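Heads up, the thing below is written out as structure tokens.
Nothing in this text is a laboratory measurement; each read-out follows from the coordinates by a stated rule. Values in this document were obtained by computation on a predicted structure and should not be read as measured data. No Cβ is skipped: glycine too gets one built from the backbone with ideal geometry, and neighbour counts run over all protein chains shown.
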Amino acid sequence: MRLTDSHCHLTDGAFGDDPRAAIDRARAAGVVRIVSVASDLDDAVAALRLARTHDGVWCTAGVHPHAVSTNGASALVAPDALREACADPRCIAIGETGLDYYYDNAPRDAQRRSFLRHAEVAAETGLPLVVHSRDAAEDTAAAIRECDGAATGVLHCFTGPPALMETALDVGWLVSFTGTVTFRWFEADLVRAVPAGSYMIETDSPYLAPVPRRGRRNEPAFALHVAKAVARIRGEPVAQVAAETWDTASRFFGLPAAARRTEVACPQGAPA
Ligand SMILES: [Zn+2]
């Protein structure tokens, strides 16, 4: 069994200067592909360096809605800078971008313009979008519609509402689930409702450690706990969830399904 952690932040200080040990533990747990997602353009450079030097690691380029400048339009990420940041073949998506009206760290209008700018570059480059949406379902749905099929994307760390999932799936976007699927408040019907082929597994580490690791630093190896929880909710074998989400991630990110350079044998004692 092999898994893809489709969203984590290996460049986060929580992993120290060298996340190699976390990558090794992930590999030992069968999590043989990791997408390290950038929070801003400096972070994109760091993530690319990591992806270039570690087999099985890829990266993204983009500016998190928390990091969108409060100085207005002129300070938004320049499309050229974004294009440059995503030019390397190890960079396989644009983001994370999106809307966060819970923290409102940047003016909403600036967040929206940043999101649409990311979508433009995604449409141009053919790379998919990685989207964060919190307390912003209506405007996220509007932005997805505005992409009008020109760009595709994933609503990462998806926790609802169901109507937003419907909007996303209608236009061929995906959702992805984190360790929140193991939390008591999580709306399990979302996991039951999503068709195979329309969702991925992620950790969003170092944040959101799943039960039974809750309260500790999260890491890509724990994608296995997320997969197990999703399998339990869907009433499917975890091997089926692993195989289906592997194929979905391959298609979404344009990764070779065979993952020649990253394939490892199923570790001894790994749950089937
Ligand atoms: Zn994230």
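If the chain linking Glu124 and Glu146 were pulled fully straight, counting 0.36 nm for each residue of separation and taking away their Cα-Cα distance, it would gain 6.4 nm. Of Ala93, Ala151, Pro19, which is farthest on the positive side of the dipole of the chain, counting Cα position, with +1 on Lys and Arg Cβ, -1 on Asp and Glu Cβ, and the Cα centre as origin? Of the options given, the answer is Pro19. Around the amide H of Ser205, modelled in the peptide plane, lie the amide H atoms of His9, all under 5 Å away and 5 or more residues distant in sequence or on another chain. Working ranking of peptides 104-110, 197-203 by packing, defined as the average number of other Cβ atoms within 10 Å per residue, highest first, is 197-203, 104-110.
Phi angles across segment 125-140 convert, under the Karplus curve 6.51 cos²θ - 1.76 cosθ + 1.60 with θ = phi - 60°, into 3J(HN,Hα) values of 8, x, 7, x, 9, 10, 10, 9, 9, 9, 6, 9, 4, 5, 6, 5 Hz, Gly and Pro given as x.
Checking every one of the GluC sites (Glu not before Pro) in segment 125-201 against DSSP loop status and a limit of 15 other Cβ atoms within 10 Å picks out Glu187.
Taking amide hydrogens as placed 1.01 Å from N in the peptide plane, the amide H of Trp58 sits under 5 Å from those of Ile34, Val35, Ser36, each at least 5 positions away in sequence or on another chain. Dividing the mean sequence gap of close Cα pairs (under 8 Å, 6+ apart) by how many residues segment 3-253 holds gives a relative contact order of 20 percent.
Placing +1 on each Lys and Arg Cβ and -1 on each Asp and Glu Cβ, with no other charges, gives segment 3-253 a dipole about its Cα centre of roughly 840 debye.
The alpha carbons of segment 3-253 give a radius of gyration and a Dmax of 16.6, 50 Å, in that order.
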